[in-house]
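The block underneath contains the structure these notes are about, expressed in structure tokens.
The values are calculated or read from the model by the stated rules, or taken from the named source; none is laboratory data. Given the structure is predicted, the values throughout are model-derived calculations rather than measurements. Neighbour counts are summed over all protein chains in view; Cβ atoms, including those assigned to glycine, are modelled from backbone coordinates with ideal geometry. Side chains included, ligands, DNA and RNA excluded: accessible areas come from the protein's heavy atoms. Shrake-Rupley method; radii C 1.70, N 1.55, O 1.52, S 1.80 Å.
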Amino acid sequence: MNIAQLLEDNRIFARKVDKRLLERLVEEGQKPVATVISCSDSRVPVEVIFNQLELGKLFVIRVAGNVVADSSVKGSIEYAIEHLKTPYLIVLAHTECGAIKAYLEGIRKGEAGKLLSCIKIKSRELSKAVIENMELQVKIILEMGCVKRALGKGEIEVYGMHYDLGTGKVNILSKNGVRTV
Ligand SMILES: [Zn+2]
């Protein structure tokens with residue numbers, strides 16, 4: 001794969017895509033059904049794993065380790081809740097997360113280190129640490145003013161979910177900060 005091939009694949013997409021849908025989304029704007037905060041990992045392409053390949057379905061925020069570190073993520077969440085009014089907010093963790101692995105290995109160098117320093121996890125085992133991190137990020141989200149307001153009005157539900165790279169399945173682990181399994 002090189003850049004020319006990447007562009008060629010985009011042209012294939014542009015030829016195939018539903019032109020009426022493109023027009024409608026440009027004219028009417030987006031109304032996604034869910035906001036998903038996911039890891040940047042290429043093995044977790046959110047639209048693909050939820051089988052939501054039609055444009056305009058998911059508002060996706062991706063950052064290594066699905067870490068809600070600063071206003072780049074929080075601002076995007078706020079926009080999704082206050083302007084797009086997405087009824088579901090999902091933190092999507094995944095097995096074998098490289099960011100969490102790096103955290104457990106004590107890597108704190110450079111910009112990635114700054115990102116990882118926002119995490120505080122007790123578990124030393126990767127699979128448990130991934131879930132602990134998901135719970136931590138859900139907690140941070142639940143403390144955001146716009147999320148509290150939307151929850152108070154019954155406008156949103158906040159889910160902690162976990163994707164298994166080996167099976168392709170997503171499971172719900174918590175709803176509004178309460179464990180469901
Ligand atoms: Zn990851």
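Please return the ranges of helices (runs of 4 or more DSSP H) entirely within segment 1-91 where 2 or more residues are touching a Lys or Arg at 6+ places or on another chain (Cβ under 8 Å).
Numbers: elements: 3-16, 19-28, 46-49, 71-79.
Where helices (runs of 4 or more DSSP H) fall fully within segment 1-91 and carry at least 2 residues being touching a Lys or Arg at 6+ places or on another chain (Cβ under 8 Å), they are 46-49.
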Six or more apart or on different chains, Cβ under 6 Å: which pairs go from a residue in segment 29-54 that's closer than 16 Å to N66 by Cα to one that's among the charged types (D, E, K, R)? Could you list them?
-> S38/R62; S40/R62
List, please: which pairs have Cβ atoms under 9 Å, are six or more places apart or on different chains, and start with a residue in segment 118-130 that is farther than 14 Å from A69 by Cα and away from the ligand (no atom under 15 Å from the Cβ) and end with one that is of a type in the set (V, I, T) and open to solvent by 20 Å² or more (accessible area, probe 1.4 Å)?
-> S123/I131
Kindly establish whether N133 is closer than 21 Å to C97 by Cα, in contact with a Cys (Cβ under 9 Å, 6 or more places away or on another chain) and not hydrophobic (A, V, I, L, M, F, W, C).
-> yes
Among the residues of segment 135-143, is there at least one that is at pLDDT 95 or above, within 19 Å of I81 (Cα to Cα), charged (D, E, K, R) and part of a loop (DSSP other than H, G, I, E, B)?
-> yes
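For residues that are touching a His at 6+ places or on another chain (Cβ under 8 Å) and farther than 17 Å from S38 by Cβ, tally how many sit in segment 72-104.
Of segment 72-104, the ones touching a His at 6+ places or on another chain (Cβ under 8 Å) are 92-95.
Narrowing further to those that are farther than 17 Å from S38 by Cβ: none.
Of the residues in that region, 0 qualify.
Checking the conditions here, which among R62, R20 is open to solvent by 60 Å² or more (accessible area, probe 1.4 Å), under 12 Å from the mean Cα position of the chain (by Cα) and free of Cβ contacts under 8 Å to residues at least 60 places away in the same chain?
On the way: R20 fails: under 12 Å from the mean Cα position of the chain (by Cα).
Result of the check over R62, R20: R62.
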Determine whether G106 is in a loop (DSSP other than H, G, I, E, B) and without any contact (Cβ under 8 Å) to a residue 60 or more places away in the chain.
-> yes
What is the number of the single condition among (1) open to solvent by less than 60 Å² (accessible area, probe 1.4 Å); (2) within 16 Å of the ligand (Cβ to nearest atom) that G29 does not meet?
-> (2)
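Taking only segment 68-103 into account, find how many residues are touching a residue at least 60 places away in the same chain (Cβ under 8 Å), within 16 Å of the ligand (Cβ to nearest atom) and not hydroxyl-bearing (S, T, Y). Steps first, answer last, please.
Kept after step one, since they are touching a residue at least 60 places away in the same chain (Cβ under 8 Å), are these residues of segment 68-103: 68, 74, 77-78, 81-82, 85-96, 99.
Subset that is within 16 Å of the ligand (Cβ to nearest atom): 68, 90-96, 99.
Cutting the leftovers down to not hydroxyl-bearing (S, T, Y) gives us 68, 90-94, 96, 99.
Counting residues in segment 68-103 that are touching a residue at least 60 places away in the same chain (Cβ under 8 Å), within 16 Å of the ligand (Cβ to nearest atom) and not hydroxyl-bearing (S, T, Y) gives 8.
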Can you tell me which residue within segment 71-109, out of those that are under 12 Å from V147 (Cα atoms) and acidic (D, E), is surrounded by the fewest Cβ atoms within 10 Å (Cβ to Cβ)?
-> E82
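Out of everything in segment 98-115 that is hydrophobic (A, V, I, L, M, F, W, C) and more than 16 Å from R62 (Cβ to Cβ), what residue ends up being farthest from the chain's Cα centre (by Cα)? Don't jump to the end; show me each part of the working.
To start, the set of residues in segment 98-115 that are hydrophobic (A, V, I, L, M, F, W, C) comprises 99-100, 102, 104, 107, 112, 115.
With more than 16 Å from R62 (Cβ to Cβ) added as a condition, the list becomes 102, 104, 107.
Working: A102: 19, L104: 21, I107: 23 Å.
Result: I107.
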